[in-house]
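The values are calculated or read from the model by the stated rules, or taken from the named source; none is laboratory data. Keep in mind that this is a model prediction, so the values were computed, not measured. Here the Cβ is made from the backbone with ideal geometry for all residues, glycine too, and neighbour counts use every protein chain on show. These accessible areas exclude ligands, DNA and RNA; they are computed on the full protein's heavy atoms, side chains included. Shrake-Rupley method; radii C 1.70, N 1.55, O 1.52, S 1.80 Å.
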Amino acid sequence: MRVIFFCGDGSRYGMAHLEPMLASDFEVVAVVFGTPARWATFRRALSGKKHVDLKHRSFFQLLKRIGPALMHRWRSRRERRDVLNMVARYNVPLWTEDDVNSEAFIAKAKKLAPDLVISAAYPQIFKQPLLDIGKKQAVNFHPSLLPKFRGAHPHFWTIVEGETESGVTAHVMTTALDEGPIVAQRGFDITGFTYADLYNKIVAETPALVQDVADYYLQGRGELKPQDPAGVSYYRNNRPIHSKIFWNLHSAERIKNLSRTGTAYFFFRGKKIMLLQAEARDKNRNMTNSLEVVPGAIVDVKDNGLVVQASSGFVHIQQIRYQNKTLEFKQWAKSWRIHIGEILG
């Protein structure tokens with residue numbers, strides 16, 4: 001069965017599918033990557049960020065901003081050589097395209113007479129003419145248990161929402177985002193997982209899911225299952241505001257979940273603090289005699305955490321990061337001389 005594989009080469013998740021696809025019993029007749037310009041357009045759309053004007057910045061300001069990007073580019077070039085060598089070993093053409101919905105690309109792809117179009121984290125939404133170039137269907141890989149967490153960055157939202165189960169899904173692509181029937185799906189327990197734990201598990205499960213898809217189309221194993229409309233949830237890509245802790249709105253449990261993403265932050269004494277590890281509690285020893293405090297107030301300092309009032313419950317802060325330095329709560333409390341009654345923002 002002839003397959004054109006659209007691989008999200010700018011995504012670790014997308015790249016996790018590449019070798020399993022090439023090594024499968026599918027006849028991969030082309031691998032398609034997006035151009036840097038396509039990825040830039042895609043990421044701007046997700047993040048809402050525009051290009052930053054670097055004029056009138058000092059040399060050190062520029063170096064601080066572009067240094068990590070230059071290092072990433074160096075690593076990317078080395079990794080790209082490895083990818084090119086891998087694809088060459090399988091004797092498969094590698095195309096880099098800016099717009100896979102263009103008439104020119106669709107005409108070129110049709111000449112390969114594919115049976116299937118398969119996509120994983122490709123940085124462009126496919127329109128109907130592209131979905132129709134396969135003789136059978138178009139299939140997409142998605143890192144959630146559909147119909148839950150349709151849309152962007154589902155593994156982030158899975159952690160934030162406190163799910164105890166997640167998974168990976170292959171589904172038939174339609175012009176409606178993540179809505180097609182399920183071809184194959186694998187679920188797993190994620191109790192206590194951080195974002196990094198979940199991402200690693202998703203990548204680890206990917207080869208088996210690719211094999212499940214090959215078994216369905218080549219061996220006739222399994223069956224298409226429509227997605228249950230009652231179970232649908234949909235999320236747009238997270239932005240910095242989604243990681244901000246609002247003590248007066250967020251419960252202790254949600255703040256704990258945010259800390260598991262590695263992106264949670266709050267402000268204290270005008271400084272931005274990253275919350276790396278926290279626990280949620282219902283009670284605190286100091287909250288006696290009908291005492292009420294504003295959310296964000298530090299109510300206790302214990303051996304196992306700095307305790308802060310949330311909208312409901314209490315957050316035990318155990319580890320933070322400030323200015324790229326990770327601190328246990330005792331180090332932070334001592335070095336900053338933190339007092340009960342101070343307010344986090």
Out of segment 164-185, which residues are assigned to a loop (DSSP other than H, G, I, E, B), of a type outside the set (A, V, I, L, M) and closer than 30 Å to Leu131 by Cβ? Thr174, Thr175, Asp178, Glu179, Gly180, Pro181
So is Phe188 open to solvent by 30 Å² or more (accessible area, probe 1.4 Å), outside any helix (DSSP H, G or I) and among the aromatic types (Phe, Trp, Tyr) or not? no
Can you name the residue in segment 304-324 that is over 17 Å from Trp336 (Cα atoms) and surrounded by fewer than 17 Cβ atoms within 10 Å (Cβ to Cβ) and, of all such residues, is modelled with the lowest pLDDT? Asn304
Here is a list of conditions, (1) open to solvent by 10 Å² or more (accessible area, probe 1.4 Å); (2) within 27 Å of Phe156 (Cα to Cα); (3) not in a helix (DSSP H, G or I), and Glu253 meets all of them except one; can you say which number that is? (3)
For segment 305-327, how many residues are touching a strand residue (DSSP E or B) at 6+ places or on another chain (Cβ under 6 Å) and not hydrophobic (A, V, I, L, M, F, W, C)? 8
Out of all the residues in segment 83-98, which are open to solvent by 50 Å² or more (accessible area, probe 1.4 Å) and assigned to a loop (DSSP other than H, G, I, E, B)? Tyr90, Asn91, Pro93, Asp98
Where Ile298 falls short, out of the listed (1) modelled with pLDDT under 95; (2) in a strand (DSSP E or B); (3) of a type in the set (Val, Ile, Thr): (1)
Which ones in segment 228-250 are in a helix (DSSP H, G or I) and in contact (Cβ under 8 Å) with a residue 60 or more places away in the chain? Pro229, Gly231, His242
Scanning segment 1-40 for residues that are of a type in the set (S, T, N, Q) and out of contact with any Asp or Glu (no Cβ under 9 Å at 6 or more places or on another chain), the one surrounded by the most Cβ atoms within 10 Å (Cβ to Cβ) turns out to be Ser24
The lone condition Ser166 fails out of (1) out of contact with any Phe, Trp or Tyr (no Cβ under 8 Å at 6 or more places or on another chain); (2) buried (at least 22 other Cβ atoms within 10 Å of the Cβ) is (1)
May I ask you to list pairs of residues, at least six apart or on different chains, whose Cβ atoms are under 6 Å apart, with the first in segment 144-155 being farther than 23 Å from Arg43 by Cβ and the second being aliphatic (A, V, I, L, M) and surrounded by fewer than 19 Cβ atoms within 10 Å (Cβ to Cβ)? Pro147/Val232
Going by what's in this entry, would Gln277 be described as of a type in the set (S, T, N, Q), open to solvent by 60 Å² or more (accessible area, probe 1.4 Å) and under 34 Å from the mean Cα position of the chain (by Cα)? yes
Expected single match for at pLDDT below 80 and open to solvent by less than 60 Å² (accessible area, probe 1.4 Å) among Ser76, Ser119, Ser102 is Ser76
Yes/no for Gly222 being in contact with a helix residue (DSSP H, G or I) (Cβ under 6 Å, 6 or more places away or on another chain) and surrounded by fewer than 19 Cβ atoms within 10 Å (Cβ to Cβ): yes
